[in-house]
Each structure stands twice: as structure tokens, then as C-alpha cells.
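Working notes, structure below.
The values are calculated or read from the model by the stated rules, or taken from the named source; none is laboratory data. Just so you know, these numbers come straight off a predicted model, no measurement behind them. For neighbour counting, all protein chains shown are included, and Cβ atoms are generated from backbone atoms with ideal geometry for every residue, glycine included. Note: accessible area is taken over every heavy atom of the protein model, side chains too, but ligands, DNA and RNA are not part of it. Shrake-Rupley method; radii C 1.70, N 1.55, O 1.52, S 1.80 Å.
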Amino acid sequence: RNSGVWRYWPLLPQLPGDAIVSRWEGNTALYRDDRLARFAGLQDGALRMKHEGQNPTGSFKDRGMTVGVSHAKAVGAKIIACASTGNTSASLASYASAAGIPALVLVPATKISAGKIAQTIAYGAKVVQIDGDFDRALALLRELTAAYDVYLVNSVNPFRLEGQKTIMFELLEQLNWQAPDWIALPGGNLGNTSAFGKALAELHQVG
């Protein structure tokens, strides 16, 4: 009830109730900023911004992690792991700690967020630095999860995207279900692009 993800339960994977790991994620504000709208050549009120930094660990990753870690708990995972440069590791560590499941994080040698890694360590995750970049860290992790009973929770995990699609559910609810003309978002690995597309298709399907 307090989660901005799990309150959309009928449109999420149907996991056992006792497996749900939530930190009251979601419920993020939708701001109006007419100064930016005018800067972009738009009318007042035409631009809104959804602040996913208001999630428990400071990023949208928490929305995906609540579903990913809940699925890991439901299937009896013994270790949950990710490769990360910051946000994913902090989110995983937080939710794995709440679930009581050990977390393993592989980080590259450079270009990592010191603040996020500090958060990761504070939540008790085991952090291993590898000689290489993020892609190398993820490749090593996929080899590890293929050979051992380790649950992978990077964005290649479809349960992550199931949680992240609730950004769109919540956005449209905040707009009284009146869809905007455009939705703009950062690209990254395009996980949210896939999640948002799935959300819009599912909402259209249910009317």
C-alpha cells in the first residue's frame, strides 16, 4: 500500500506476498517548472519533470530492485549480484540487506561513484573491484552466474524492468490518465525505454 511500485500489483509479476521486499519506493513527485518550459519555447504548464531521485537510495533503480530482489527471495536465491558503477550497487545492497540475502557487487577499476560505493558498503554488500570497465565487470558476472548459484540483478533481468515500468503508471496517474504528447528520458542502456514502452502497451490493453 505504501509502495509506489506494489500498489500496481495487478500489472506486476504475481509473486508470493511473503516474498515482497519493499522500502516504500516510488511515490515520486511530478514537478512543474514554467521557467524551463519558456526556455524550451513551450507554454506555461506544458513541461513536467518526474523526480526519481526521491527513491530510497536516490535513483529509479529502486523501483526495479524491489521486484528483482523479491523474485530472488521467492526462488530461494542464496546470493544476489550485480555489476555497477554506482546506482545499481547501492540499490541492490539496500534491498538485499532488507531481504536478508548476501549481496555481491563487481565494480570497474575507474569511473565509479565513490558516494554510491560507500552506500553499497554501508548496506553490507561485498564489493570486488576488477581490472577493466563496466562491460568487463558485467561479462565476468554473467560467467559467474552461469557457473554458480548466484542471482543476477542487472537490467538484463526482466523483473527489474517490471518494477521500472511503474514510473510510467505513476506518471500517468498523476496526470489524471491524460497522456502527454511527449515523454523524454535519458538513454543509458535503454532499460527504461523498454520498461516505459511495456507500461504504455499494457495500460492501453486494459483500457
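Return the Rg/Rh ratio of the chain with Cα-based radii and a Kirkwood Rh. Working shown, then result.
Numbers: Rg = 17.6 Å, Rh = 17.8 Å.
Radius of gyration relative to Kirkwood radius: 0.99.
How much area per residue is accessible in the range 1-68 when the probe is 1.4 Å and only protein heavy atoms are counted (Å²)? Numbers along the way, then the final one.
On the way: 3720 Å² over 68 residues.
In whole numbers, the range 1-68 has 55 Å² accessible per residue.
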**Report entry** Coordinate range along principal axes, alpha carbons of the range 87-174, Å, largest first
**Finding:** 44, 29, 28
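List the trypsin sites (Lys or Arg not before Pro) within the range 52-106 that DSSP assigns to loop and that have no more than 16 neighbouring Cβ atoms inside 10 Å.
Working: sites: LYS61, ARG63, LYS73, LYS78; in loops: LYS78.
Listed in order of number, the matching sites are LYS78.
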Query - With DNA, RNA and ligands ignored, accessible area of ASP181 (1.4 Å probe; Å², nearest 10) - result: 150
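Compute the accessible area per residue over the range 114-207, keeping the other protein chains in place, probe 1.4 Å, unit Å². Don't skip to the answer; put the middle values down first.
Details: 5640 Å² over 94 residues.
So the range 114-207 comes to 60 Å² accessible per residue, rounded to a whole number.
Write down the Kirkwood hydrodynamic radius of the range 19-83, to one decimal in angstroms, obtained as one divided by the mean of 1/r over all alpha carbon pairs. Provide the component values of the computation, followed by the final result.
Values: mean 1/r = 0.0708 Å⁻¹.
Every distinct Cα pair counted, the radius reaches 14.1 Å.
Grab the Cα-Cα distance for ASP133 and LEU11, subtract it from 0.36 nm times how many residues apart they are, and report the gain in nm with one decimal. Walk me through the numbers before you get to the answer.
Numbers: separation 122, 0.36 × 122 = 43.92 nm, distance 3.58 nm.
Additional length available on full extension: 40.3 nm.
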Query raised in the report: Share of the chain's accessible area from carbon and sulfur, percent, 1.4 Å?
Result: 55
